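Colleague: Once you've had a glance at the structure underneath, I'll fire off some questions.
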Amino acid sequence: MKRTDIVIIGSGMAGISAALYLKRANADFIILEGNLAGGMLNQLKTVENFPAAGKTNGSDILISLMDQLRYNNIPLVYGNAQTILKEDGGFEVVTDVDSYEAKAVIVATGLSQASKTIPGEEKFAGLGVSYCATCDGNFFKGADVAVVGNNNICLEESLYLAGLVKKLYLVCPDENLNGDKRMIDKINSSENIEIILQSNVDEIVGDDFGVTGIKINGKIINISGVFPYIGKKTSTQILNNLKPEMKGIFVKANEERMTNIPGLYVAGDIVDKKLKQLITAAGDGAAAATSADNYCKLLK
């Protein structure tokens, strides 16, 4: 078993930001890289709202982050975290390669799609298929779009998009909408939202330029964008042994991004918060790193 003060799990925007702050604090830490460094950055085709970056994409931002890690002599340590165990005075992080004893842990494992469940979804990802309304909603101003799913995330994204698009089709597989009653009431009263209950999208269709429609019960509805929220999950199974306080699939944390378990921090899209963006992920990483470093110093 290897020992360090802080283990960062996740090498996306939140995890890398945490690593940069810990390096500047001269902390003893490691950052674990799973199967693919960058997380959701690898799926962002266009980014226009990240300060000082102009119009860019997730891959270019990731290249810059990797260069910054190399410049600061911060190595990514390969290992898929399997579980985190509470130990006297700290934690044990078990990966498929090794295990690490640490005083604090920052979990930044992100948000992902459980699977591409709709035919055509993977083909048109980034070409009209999006998983973030606040990231990509501006690309569909004045257009017709569809949102697919039935949960609070789906409802929140629908209400945000409704303020931008001409018409929104909310495709729900169930008899009724599930979620916060206030949001459901707002959706029901929105003039440009059409709710399609007890229905599934059979296929997302398009051409060489992107999405042109969705097929439901053999009928094509012409749209320019699709936001599927079926199968969205957080990678929080490694926390099962610790059982931190949750809100749905998200982990609750204070402003310093510490959970209700002392020494356990979360950052990025797994945090229970309203805005899930690259800039808030970076802020989470900075806050978690600073707090975790102070926590470890108090233990010495």
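Laboratory data are not the source of any read-out in this text; all were calculated from the coordinates shown. No experiment lies behind these values; they were computed from the predicted model shown. Please note: Cβ atoms are built from the backbone with ideal geometry, for glycine as well, and neighbour counts cover all protein chains shown.
Colleague: Under 13 Å Cα to Cα from Lys297, which aspartates and glutamates show up? Leave out anything in the same chain fewer than 8 places away.
Modeller: Answer for Lys297, where 13 Å is the Cα cut-off: Asp5, Asp28, listed by chain and number.
Colleague: Ok, one more. Rank Lys86, Lys186, Lys167 by mean-square fluctuation in a GNM of the chain with C-alpha springs under 10 angstrom and give only the top-ranked residue.
Modeller: Maximum fluctuation in the GNM of the chain, among the listed residues, is at Lys186.
Colleague: Please report the net charge: other residues with Cβ closer than 13 Å to the Cβ of Asp293, K and R +1, D and E -1.
Modeller: +3
Colleague: Further question: Any of Lys55/Lys219; Lys215/Lys276; Lys181/Lys252; Lys123/Lys273; Lys186/Lys219; Lys55/Lys247 with alpha carbons more than 32 Å apart? Name them for me.
Modeller: Too far apart for the 32 Å limit: Lys55/Lys219; Lys55/Lys247.
Colleague: Follow-up question, since we're still on this one. Less than 12 Å apart at the alpha-carbon level, and either on another chain or at least 8 residues along: which aspartates and glutamates does that give for Lys23?
Modeller: List returned: Asp293.
Colleague: Rounded to two decimals, what is the ratio between the C-alpha radius of gyration of the chain and 2.2 N^0.38 Å?
Modeller: 1.06
Colleague: Can I ask one more? Pop the C-beta distance of Met183 and Met246 into the FRET formula with R0 = 30 Å and round what comes out to the nearest 0.05.
Modeller: 0.95
Colleague: Can you tell me the dipole magnitude for the chain around its Cα centre, using point charges on the Cβ only (Lys, Arg +1; Asp, Glu -1), in Debye to the nearest 20?
Modeller: It comes to approximately 460 debye.
Colleague: A follow-up question, please. With point charges of +1 on the Cβ of Lys and Arg and -1 on the Cβ of Asp and Glu, referenced to the Cα centre of the chain, which listed residue (Thr259, Val148, Tyr78) lies farthest in the positive direction of the dipole?
Modeller: Thr259
Colleague: Answer with one residue from Thr280, Ala292, Ile270: the one whose Cα lies farthest towards the positive end of the charge dipole of the range 166-300, charges on Cβ with Lys, Arg +1 and Asp, Glu -1.
Modeller: Result: Ala292.
Colleague: Here's something else I'd like to know. Order these peptides, 266-272, 64-70, by their mean beta-carbon neighbour count within 10 angstrom, highest first.
Modeller: Peptide ranking by packing, descending: 266-272, 64-70.
Colleague: Based on DSSP H runs of at least 4 residues, each adding -39500 (n - 2.57), what is the mean residue ellipticity at 222 nm of the chain after dividing by all its residues, to the nearest 500 deg cm²/dmol? Working shown, then result.
Modeller: Values: 6 runs with 72 residues, N = 300.
Calculated at 222 nm, the ellipticity per residue is -7500 deg cm²/dmol.
Colleague: When the expected Rg is taken as 2.2 N^0.38 Å, what fraction or multiple of it is the alpha-carbon Rg of the range 228-299? Walk me through the intermediate numbers first.
Modeller: Numbers: Rg = 12.6 Å, N = 72, 2.2 N^0.38 = 11.2 Å.
Against the compact-globule rule of thumb, the ratio is 1.13.
Colleague: Provide the packing ranking of 140-148, 96-104, i.e. peptides ordered by the mean count of other C-beta atoms within 10 Å per residue, highest first.
Modeller: Going from most to least packed, we get 140-148, 96-104.
Colleague: Just to confirm a number: summing +1 for Lys and Arg and -1 for Asp and Glu over residues other than Met1 whose beta-carbon lies under 12 angstrom from that of Met1, what do you get?
Modeller: With Lys, Arg at +1 and Asp, Glu at -1, the net is -2.
Colleague: Compute, for the range 28-123, the length of the dipole vector about the Cα centre, with Cβ point charges of +1 (Lys, Arg) and -1 (Asp, Glu) only. Units Debye, rounded to 20.
Modeller: Charge dipole, the range 28-123, about its Cα centre: 480 debye, nearest 20.
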